[in-house]
Structure formats: structure tokens, C-alpha cells
Amino acid sequence: MTVKKIYALAFCTLLMFCGCKAKEDNSGARPKGPTDTEEPGAPETPTDKPLKEAATYPVGSALTPGLLRNDQQYADIVKREMNSVTAENEMKMVALSSARGTYTFDKADEIVAFAADNGMRVHGHVLVWYREDALPGWVKTFAGDRDAWIAMLEEYIRDVMTHFKGKVASWDVVNEAFNDDGTWRTDCVWYQNIGQDYMDIAFAAARSADPEAILFYNDYGTEYSEAKRNAIAVEIEAMKFRGVPVQGVGLQMHISRHTTKNNLAASLRAAAETGLLVHVSELDVAINDINNPDPNLAYTQTLANEQKAAYKALFEAYKETVPAPQQFGVTFWGVDDNHSWLTNYPDWPLPFDRNYEPKPAYEGIQEALGGI
Ligand code: G3I
């Protein structure tokens, strides 16, 4: 054997050793099996890359300030994986304003400060929403004619956006204006007291409050309702025609393990065809049936793999359907299974489990992102 061959052999052996070592090291980050670490099929994490690096667009989570403050593991996972944040509740009207002209920004500011400290984008959620539990009492009892309602809405948007100017990059200006059948939602104080053009008025107020902020219309259900996605697309086109400064469509994507890639793509395509930015703004994948939940459901490997497939389909469809310049990002509605709005029955909707370990869902996302 020549000296050259001996060196080559030694080099190959070294490479093989390093390869095995790298594989061993990776196994330290294996997602745990659903209920039992002995369960078959617990996959290996395919990459060490955090989501924010594996993706070519921002990846975010909806956050809760109390957890950021008191739960180091929660904060660490956000720092490691995310480069965009949304306040799950702290920028809603009920959280910000207890009386007309009176504001409490402390908790929202905590999220903004966390994002600034860690170089993350902040997406604002939400300026105008009909939901009773997101409206302060003073709005529900507000007495005044149409002009008074418009003035109150414009004042609120101006005050809030001025406070966050330069810190919050984008806003859900209006959330959930449509019913699933594509008609305007009328169980909405803004619709009832101002009329359909509360939408135009809100966007115009937002634009004049912060000329730099990127302004979104946000809604859910466009993956299962063709009527709803068509109605939103028609309204966005009409708004553009009227010169209303809408710049993006937010698709909440509270989906289930049964949601098909075709439906996801149809929703994303309708939004992309507006030519505006497209934000998957509140992503989670329910395992239980949200309409008929099983109170005794257990988390099995089969269910975990179905959820993985749905997460993977969403990220693939986003890449395949939304042109890169329109990809505003993907935001999860939470971080881990222990802290989710889906709390009334058993569910495991997020990519990290209760111990902050990545789940099969996380691996599906990585596979779709090509981060392997
Ligand atoms: O913080 C109070 C707590 O002090 C009190 O003891 C407790 C008793 O009910 O309520 C707590 O507030 C709740 C809050 O979540 C924090 O947990 C509110 O009642 C409850 O209404 C609120 O629900 C939020 C819901 O929006 C309504 O604002 C969910 O957390 C939040 O995940 C959900 O998010 C929405 C998006 O904004 C829009 N798209 C749909 C999505 C899911 O519904």
C-alpha cells in the first residue's frame, strides 16, 4: 500500500467516524414519541437548523407575555426557532383600552421589547374585530350615531398605531369580516353602527396613523369554504380599485389533521391571486374534532403522523402556491401543546410537545422546508 493510499484510507475512516458521531449527536434532539418514548416510529430530527433558518421567509409564533417572563424554556424555544412574533391577546382592543382614550400598553410592550431584544419582527393583532370577548365594555355600550362611531374607531386606530409606530411592522387591521357562506358578518358592532365601509375607514385610518406599517385583512376558513375565499378575493379587488390601502391577506389556518393539501392550496392560491402579501397568520393543526370533540382522546403515533402530514402539506403548499415576493411568513398560534387556545378538550395542536420537544409535526415542517 502506497503512502498516498494509507492517507486516503485514514481520511475515509475519519469521515465515517465523524458521520456516525454527527448522527449520534442529532439523536439527542429526537422528538419524543406521542405518549411513550418506547413507541415505534419516533422519527429523528432531520436537521439542526431552526425553522427561521430553514425557511426563506419569517416564521413566527403568537406569544403570551407571562410565559416569556416566567418560563425560560418557552422563551428559549422562541428565540431559537422564530424571527417573527404576534401577541396572542395583548394587542386586542379589550386588552389595550379600558375606557375611551385610556390605554394600557404594558403587556403588549413586553412582547415588543422581547422581539426588539432578539431581532424579531412584530406583527400586530388586531385593530378591528367583532368578537365580544375581544371588545371592551365601553365599546359594547357606546352610544352615538354613525359619525360618532367612525370618529371613535379612527381615534382608537390612530392612538394604538401611534404608540407602536416603528416597532410593529404590520397589522391585522380588520379580522373576520365575512361569514363562511361569503356574506358580510352582521353580528359585528362595526358593521351595525357604521356599515360595510367600516373596513375602508379602518384601513384609511391605519394608513394615515403609520405610513410604514404593512396592512392586512385577516380571516379563517378559506381552506374549507370556497364561497368565503371568493368573497374575500372579490372584496380585496374592490378595495384595491377604490384605493383602499390593503397590502396583505392573512389566512389564519386553524386547520385539522384531515385538511387536504388541495384545500390548503386553493385557499393560498385565492389569496396569492390578489397580488398582495400572504401571511399564514395563526397556524395550528387540531388532532381532536373541533365540532365534536372526544373528551377521552389519547395522542397516538398514528394521530401524530396524520398531524405531521397536514403540517407538511401546509408548508409545501405555501412554497408551491405563493410566489416568493408575496411570502410574508408563517405564524403558529402558540408554541407548544401545553399553551394553546384549544383547551376545552384534549388536543396537541402545535409543533412542540408539553416538554418543549419537537414532535413529528416539526419534522414534517422541516421536510417541507427542505431543511434536511
Ligand atoms: O386573561 C384572562 C384571565 O385573567 C381570566 O381569569 C380568564 C377567565 O376566562 O380569562 C382570561 O382571558 C382569556 C384569554 O383568552 C387568555 O386566556 C379570555 O377570556 C379569552 O376570551 C381569550 O381567548 C382568546 C380568543 O382569541 C378571544 O380573544 C384566545 O386566547 C386566543 O387564542 C383567540 O385567538 C383568536 C384570534 O385572536 C383570531 N382568530 C381565532 C383565534 C382563536 O380563537
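Of note:
- Residue pairs meeting the criteria (Cβ under 8 Å; at least 6 apart or on separate chains; first within 15 Å of L68 (Cα to Cα) and in a loop (DSSP other than H, G, I, E, B), in region 82-96; second among the charged types (D, E, K, R) and within 12 Å of the ligand (Cβ to nearest atom)): E90/K107
- Residue in region 69-81 that is under 20 Å from the mean Cα position of the chain (by Cα), assigned to a strand (DSSP E or B) and touching a residue at least 12 places away in the same chain (Cβ under 8 Å) present: no
- Total residues in region 290-308 satisfying the condition of being surrounded by fewer than 16 Cβ atoms within 10 Å (Cβ to Cβ) and outside any loop (DSSP other than H, G, I, E, B): the figure is 1.
- Of the residues making up region 313-342, those that are part of a strand (DSSP E or B) and touching an Asp or Glu at 6+ places or on another chain (Cβ under 7 Å) are T331, F332, D336.
- In region 41-51 there is at least one residue that is away from the ligand (no atom under 16 Å from the Cβ), modelled with pLDDT of 95 or more and surrounded by 13 or more Cβ atoms within 10 Å (Cβ to Cβ).
- Scanning region 288-312 for residues that are within 16 Å of the ligand (Cβ to nearest atom) and in contact (Cβ under 8 Å) with a residue 40 or more places away in the chain returns N288, I290, P293.
- Y220 closer than 30 Å to N291 by Cα and in contact with a strand residue (DSSP E or B) (Cβ under 7 Å, 6 or more places away or on another chain): yes
- Matching residues in region 335-349 - criterion: being within 12 Å of the ligand (Cβ to nearest atom) and either surrounded by 24 or more Cβ atoms within 10 Å (Cβ to Cβ) or over 15 Å from T64 (Cβ atoms) (or both): N344, P349
- Flag if S208 is more than 24 Å from I157 (Cβ to Cβ) and either outside any strand (DSSP E or B) or more than 16 Å from the ligand (Cβ to nearest atom) (or both): no
- Test: residue in region 154-169 that is over 19 Å from E235 (Cα atoms), of a type in the set (G, A, S) and modelled with pLDDT of 95 or more: yes
- Inside region 113-146, residues that are within 16 Å of the ligand (Cβ to nearest atom) and either of a type in the set (D, E) or outside any helix (DSSP H, G or I) (or both) make up a count of 14.
- Search result, residues across region 113-136 that are farther than 21 Å from R207 by Cβ and either β-branched (V, I, T) or free of Cβ contacts under 8 Å to residues at least 24 places away in the same chain (or both): A113, D117, E132
- In this structure, T260 does not qualify as free of Cβ contacts under 8 Å to residues at least 60 places away in the same chain, buried (at least 20 other Cβ atoms within 10 Å of the Cβ) and more than 15 Å from the chain's Cα centre (by Cα).
The values are calculated or read from the model by the stated rules, or taken from the named source; none is laboratory data. Because the structure is a prediction, the values reported are computed rather than measured. All Cβ positions, glycine included, derive from the backbone under ideal geometry; neighbour counts span all protein chains shown.
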